[in-house]
1. Among the numbered conditions (1) assigned to a strand (DSSP E or B); (2) closer than 28 Å to L60 by Cβ; (3) hydrophobic (A, V, I, L, M, F, W, C); (4) within 20 Å of the chain's Cα centre (by Cα), tell me where A253 comes up short.
2. Please verify whether T223 is surrounded by fewer than 14 Cβ atoms within 10 Å (Cβ to Cβ), within 25 Å of E75 (Cα to Cα) and either without any contact (Cβ under 8 Å) to a residue 12 or more places away in the chain or out of contact with any helix residue (DSSP H, G or I) (no Cβ under 7 Å at 6 or more places or on another chain) (or both), treating the condition exactly as stated.
3. Going through the stretch 62-108 one residue at a time, which ones are β-branched (V, I, T) and assigned to a strand (DSSP E or B)?
4. Would you mind telling me which numbered condition in (1) more than 30 Å from G193 (Cβ to Cβ); (2) modelled with pLDDT under 95; (3) of a type in the set (D, E, K, R) R123 fails?
5. Taking the options L301, L294, name whichever one is within 14 Å of L60 (Cα to Cα), surrounded by 15 or more Cβ atoms within 10 Å (Cβ to Cβ) and at pLDDT 95 or above.
6. Residues that are surrounded by fewer than 18 Cβ atoms within 10 Å (Cβ to Cβ), more than 40 Å from the chain's Cα centre (by Cα) and more than 14 Å from L82 (Cβ to Cβ): does the stretch 180-195 have at least one?
7. Out of the residues in the stretch 123-181 that are in a loop (DSSP other than H, G, I, E, B) and free of Cβ contacts under 8 Å to residues at least 12 places away in the same chain, which is nearest to D210 (Cα to Cα)?
8. For the stretch 228-247, indicate whether the set of residues that are of a type outside the set (F, W, Y), on the phi > 0 side of the Ramachandran plot and out of contact with any strand residue (DSSP E or B) (no Cβ under 7 Å at 6 or more places or on another chain) is non-empty.
Amino acid sequence: MRRVKLKKQYWVLLGVAILALSLGSGYYFFSKKAGQDEHGHGEEGHDDHDDEGGALTDGLVKKLDIPIAKAKGGEIDNYILLFGKVGLHPEKSLHLHPKYSGVVRDVYKSVGETVKTGDVLARVESNFGVQTYNLTSTINGTILERRIAAGQSVNEDLEAFTIADMAHVQITLVAYARDLGKLKAGDKLILSGSGNNVPTTIFYISPLLDSKTGTANVLVNLTNEGTLWRPGQFVIGRIPSGKKPVAAKLPIALLDTQESKTATVYVRIGTEYVPRMVSLGSYDEEFAEVTSGLSPGEKYLNSKARDVEALTSEREHDEEEGHSVD
């Protein structure tokens, strides 16, 4: 009887020990987890944060010789913005149609070929009697489109060839009625598109307003060296209109393009420079207005974010290869 009683006590004590061990392990696990959550990450999570944050210490910035600037306000040139699109120059382009309906007998030129005034492009047999006539270019230029082939029936409505001298284009911008009183033919403007920026002048302002949009067309003739401007391309025209005070501004050298509305800037926080997205507003030839993300007095790296990342990547590579970086 005594042996049975001791045996029962043994099993009770063993159960209590196992329960205590389980509770202790659970407490340790959840305490550690809570500690990690309280600080954002555990030891492993901290490493991930450093990698993803891309922060640069003061010492590293100094070693890499990255220039530092302090955000400040001031004035930037204010502009009237006109949006539009590149088109063919009407006096330097040709939309060639058949003179009479008929059947195409021969086609001599194709897309991409250069033609001169007087070149025969195709021969058409008229439906009005058995006679043929030629489709002839009346300008020098390049064939941009061809819509006929030998044996095809055609009529006067078909645009058989589109030819243009791409050394000249015409830009059609639109101006709102509120801005028209500030504009006149001959005004200077800066034309921007696809990373290109060129100074030019207004050629013509239409007196007609679109009844739906309340806008008028503003025409700009542009010499197109190197075919930088392509028909169909969207552009922005900027016409100087006084000065605009801004709380903070960034050099446009930090932007990828002048059309950018945001930029990544390394801003100093404590003893590190941390990448931050900055929102931009108006801009002129030198500076972009900062609308949010950077306050006056804050220090930042005066270099493009991608250039900073390239420098740090190069340093990491050199360190992995065992090279020293002064």
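1. Against the list (1) assigned to a strand (DSSP E or B); (2) closer than 28 Å to L60 by Cβ; (3) hydrophobic (A, V, I, L, M, F, W, C); (4) within 20 Å of the chain's Cα centre (by Cα), A253 comes up short only on (1).
2. no
3. Once the filter is applied, which keeps residues that are β-branched (V, I, T) and assigned to a strand (DSSP E or B), the stretch 62-108 yields I68, I76, I80, V86, V103, V104, V107.
4. With (1) more than 30 Å from G193 (Cβ to Cβ); (2) modelled with pLDDT under 95; (3) of a type in the set (D, E, K, R) applied to R123, the lone miss is (2).
5. Selected residue: L301, the only one of L301, L294 that is within 14 Å of L60 (Cα to Cα), surrounded by 15 or more Cβ atoms within 10 Å (Cβ to Cβ) and at pLDDT 95 or above.
6. No: zero hits.
7. G181
8. Among the residues of the stretch 228-247, not one is of a type outside the set (F, W, Y), on the phi > 0 side of the Ramachandran plot and out of contact with any strand residue (DSSP E or B) (no Cβ under 7 Å at 6 or more places or on another chain), which makes the answer no.
The values are calculated or read from the model by the stated rules, or taken from the named source; none is laboratory data. On a predicted model such as this, the values are computed, not experimentally measured, just so you know. Please note: Cβ atoms are built from the backbone with ideal geometry, for glycine as well, and neighbour counts cover all protein chains shown.
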